[in-house]
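Structure record follows, encoded as structure tokens.
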Amino acid sequence: MELSNWRRNALYLRFQIKEPFMSVSYNRDMNKILIVEDEENLGITLQEYLENIGYDAYLAQSVQQAQEIFNSVEPHVVLMDIGLPDGSGLDLARWMRKKKDTFLLFFLSALNDPDTKVEGLEIGAEDYITKPFALKELTLRLERSFQLKKQMLELPDELSHGKLKIWFSKFQVQDAAGEIIHLGQKECAILELLYQSKGKAFTRDEIIDRVWGEDKYPSHRTVDNYIVKLRKWCETDSTTPLEIQSIRGIGYQLNIKND
């Protein structure tokens, strides 16, 4: 992105910062946010805004700084730019996922091509937000992800169905072969939605609305791809009682046969 565009984006966000902070709610249990942004004005603007609405916000302007803060702070949320001076935000996100897989990841980038978006989502990002964006939009997307995670935490710590085990709070599944699979937040949210309403069929549009909300980027194909992954992990053995069934002309439902 050209420098002039970076400056316009920073000024755009700073103009919004005049909005009253009292109108924004926040989650005290998910309060540590790491911002990885190499453009100083933009990064400081985001940091000031998030701190003013109650979050503990940390700013890193390079891969090295981000790694140091990530290790010392263990953030609950990471807001990740992609173009960094000493590396790629995509590669940095993969490194972070290997270190810890329970934080929520959001990409904030001027790159708008579908391949980059898909790559970011495949790493396990909750969302891919294209610059410039409204601060209110960012806050609403954060809150929606917090709500989804809270719903997962309300389920039992461990669910067992035959050889299959599910830990929604840890975003993990253990398949019939004993392998631990780390789920992205969207994968976990879809599985949780279907699991909590066992036997109920959801259309693809209903799944998109419940998991992605107002973000209309995901297509029906995106939902299908997530379902394929979940089936691969949850139906590895013919004796596994959990089944994600395709309902012709409607969508998907989760069924559990007698354990």
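The numbers here are math on the coordinates, done by the rules we state, and not lab data. As the structure is a prediction and not an experimental result, all values here were calculated from the model. All Cβ positions, even for glycine, are placed from backbone atoms using ideal geometry, and neighbour counts span all protein chains on display.
Observations on the structure shown:
- Applying both filters, DSSP loop and at most 15 other Cβ atoms within 10 Å, to the trypsin sites (Lys or Arg not before Pro) of region 60-103 gives LYS100.
- Set LYS198/LYS257; LYS170/LYS257; LYS98/LYS131 screened for pairs whose C-alpha atoms are more than 20 Å apart: LYS170/LYS257; LYS98/LYS131
- The loop-placed trypsin sites (Lys or Arg not before Pro) in region 198-254, going by DSSP, that have at most 16 neighbouring Cβ atoms within 10 Å of their Cβ come out as LYS198, LYS200, LYS216, ARG248.
- Overall form of region 35-80: oblate. Here a/c, set by the Cα gyration tensor axes a ≥ b ≥ c, is 1.5 or more, and a/b is not larger than b/c.
- Restricting attention to region 82-205, close to 75% of DSSP beta bridges with both partner residues there are antiparallel.
- Cβ-defined net charge surrounding ILE181, 10 Å radius [Lys, Arg +1; Asp, Glu -1]: -1
- For region 36-141, the square roots of the Cα gyration tensor eigenvalues, ordered a ≥ b ≥ c, give a/c below 1.5, which places it in the rounded category.
- Whole-number percent relative contact order across region 155-256, with pairs defined as alpha carbons under 8 Å at least 6 apart: 29 percent
- Highest average first, the peptides 181-191, 132-142, 117-127 ordered by how many other beta carbon atoms sit within 10 Å of their residues are 181-191, 117-127, 132-142.
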